Amino acid sequence: MTINLDASRLKTDVDFARQGRQTGDFRLRPSDNSKALGYHPVPVFCLQNGEGPTLVVTGGTHGDEFEGPAAILRLMHRLDLEKLNGRLIMFPALNAPAVKASLRCSPLDDGNLNRAFPGDADGSPTEQIAYLIEHCILPGADAAIDIHSGGRASEFVPLSMYVPSTGELGERNRALADAFRAPYCWVMGVGNDNRTVNSAAERQGVPMFATELGGGGNVNTEYVRLACDGILRVLQSLGMWQAPLVAATQATTYFRIPATDFTLFAPRDGLFVPAKTPGSRFSKGEAVGDIYSIFEPEREPCTLVAPHSSLMISQTRYGQVERGDFLMQLSDEIS
Ligand SMILES: [Zn+2]
């Protein structure tokens, strides 16, 4: 499928119609105090062999989540092009200014790229990147993957997440996530945030899933390997990989988040001491953690309990929390 970049302000020297391995960047030119006449490079790789389908893989949508960038860079350098059948377009640092600063959001406009879709061709830097992906790149794709992890703020079990859209698209989203074969899979509900890459792909009718792979703002070796192996399995499922792969043997645990009270927030300021780690299960009413008041040590700790029997899929990475801060994401396993 053709990639038409005419409507985007971001231009590139990469020729998406060319065979072979290309590296380059899209040029983000805000003409602000950060770059008066120069540009912020948004790196892009295009690996093409033959005339098969197109898979788009993005990492660095949030700038402090490095498993995606690491996996994409590893594949770009090591992937045997002769075994590829089709076109693999990869962005290792989609919100490049945020990645450069190791921040979730862009320091140029405080933009959270995964809340910026469908974007604006003439908008802020983050909105311009969103527009490029939704309106120029995804329409030329047969499938897409957006690799996230918890960043500095949170720690997730290694999971894929897909939207169970109605009809064939939902089935294809599920098939892609199944091919990736993460240990956990989040079947997202209706009414998901419509500003995400998942929603952009749904609007464009492109099958896709996202991931959350650990967290902490560093690089988890095991999850980088999982991402590389998973992307190869997705390529194979699309008929884009011509060499045998070692099949994943681990079963996948599917879950959903059926109600808002599965997300726990801090009811007061203090030191949060969780009772368990992500991947643990709670019975209804079981203590999930305590909040201690460091500066009012005589005050009784506040014990939080699980509102439902549940599986914990993520947890805050912060010790000290304020009222309203995210503490823990619980979920309901699908049997
Ligand atoms: Zn993220």
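Quick rundown of the values:
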quantity: Enumeration of residues in segment 160-213 that are assigned to a strand (DSSP E or B) and among the hydrophobic types (A, V, I, L, M, F, W, C); calculated: Met161, Cys185, Trp186, Val187, Met208, Phe209, Ala210
quantity: Total residues in segment 314-335, condition exposed (fewer than 13 other Cβ atoms within 10 Å of the Cβ) and among the small types (Gly, Ala, Ser); calculated: 3
quantity: Leu108 vs. criteria in contact with a Pro (Cβ under 6 Å, 6 or more places away or on another chain), away from the ligand (no atom under 13 Å from the Cβ) and free of Cβ contacts under 8 Å to residues at least 24 places away in the same chain; calculated: no
quantity: Qualifying residues in segment 234-252 (those that are surrounded by fewer than 19 Cβ atoms within 10 Å (Cβ to Cβ) and at pLDDT 95 or above) - the one nearest to Glu171 (Cα to Cα); calculated: Ser237
quantity: Qualifying positions in segment 7-40 - charged (D, E, K, R) and either modelled with pLDDT under 95 or open to solvent by 50 Å² or more (accessible area, probe 1.4 Å) (or both); calculated: Arg9, Lys11, Asp13, Asp15, Arg18, Arg21, Arg27, Arg29, Asp32, Lys35
quantity: Some residue of segment 140-152 being crowded, with 24+ Cβ neighbours inside 10 Å and more than 16 Å from the ligand (Cβ to nearest atom); calculated: yes
quantity: Selection status of Ala98, of a type in the set (Gly, Ala, Ser) and either more than 21 Å from Asp32 (Cα to Cα) or within 13 Å of the ligand (Cβ to nearest atom) (or both); calculated: yes
quantity: Only one of Leu169, Leu108, Leu113, Leu103 that is buried (at least 23 other Cβ atoms within 10 Å of the Cβ) and at pLDDT 95 or above; calculated: Leu113
quantity: Test: Glu222 is within 22 Å of Met161 (Cα to Cα), away from the ligand (no atom under 16 Å from the Cβ), open to solvent by 30 Å² or more (accessible area, probe 1.4 Å) and modelled with pLDDT of 95 or more; calculated: yes
quantity: Segment 279-313 - residue that is among the aliphatic types (A, V, I, L, M) and open to solvent by 20 Å² or more (accessible area, probe 1.4 Å) and, of those, farthest from Leu327 (Cα to Cα); calculated: Ile294
quantity: Pairs, first within 19 Å of Thr2 (Cα to Cα) and assigned to a helix (DSSP H, G or I) in segment 127-151, second open to solvent by 10 Å² or more (accessible area, probe 1.4 Å) and within 16 Å of the ligand (Cβ to nearest atom), C-beta under 7 Å, six or more apart; calculated: Ala130/Ala116
quantity: Boolean, Ala70 is open to solvent by 60 Å² or more (accessible area, probe 1.4 Å) and assigned by TED's automatic domain parsing to the domain that holds Leu138; calculated: no
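Conditions (1) in the same structural domain as Ala71 (by TED's automatic domain parsing); (2) more than 17 Å from the chain's Cα centre (by Cα); (3) small (Gly, Ala, Ser), marked per residue:
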{"residue": "Leu138", "(1), (2), (3)": "yes, no, no"}
{"residue": "Asp142", "(1), (2), (3)": "yes, yes, no"}
{"residue": "Asp146", "(1), (2), (3)": "yes, no, no"}
{"residue": "Ser149", "(1), (2), (3)": "yes, no, yes"}
{"residue": "Arg152", "(1), (2), (3)": "yes, no, no"}
{"residue": "Leu176", "(1), (2), (3)": "yes, no, no"}
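The values are calculated or read from the model by the stated rules, or taken from the named source; none is laboratory data. Since the model is a prediction, treat every value here as computed from it, not as a measurement. Because the Cβ atoms are built from the backbone with ideal geometry, glycine has one as well, and the counts that use them run over all protein chains shown. In case anyone asks, the SASA skips ligands and DNA or RNA and just uses the protein heavy atoms, side chains included. Shrake-Rupley method; radii C 1.70, N 1.55, O 1.52, S 1.80 Å.
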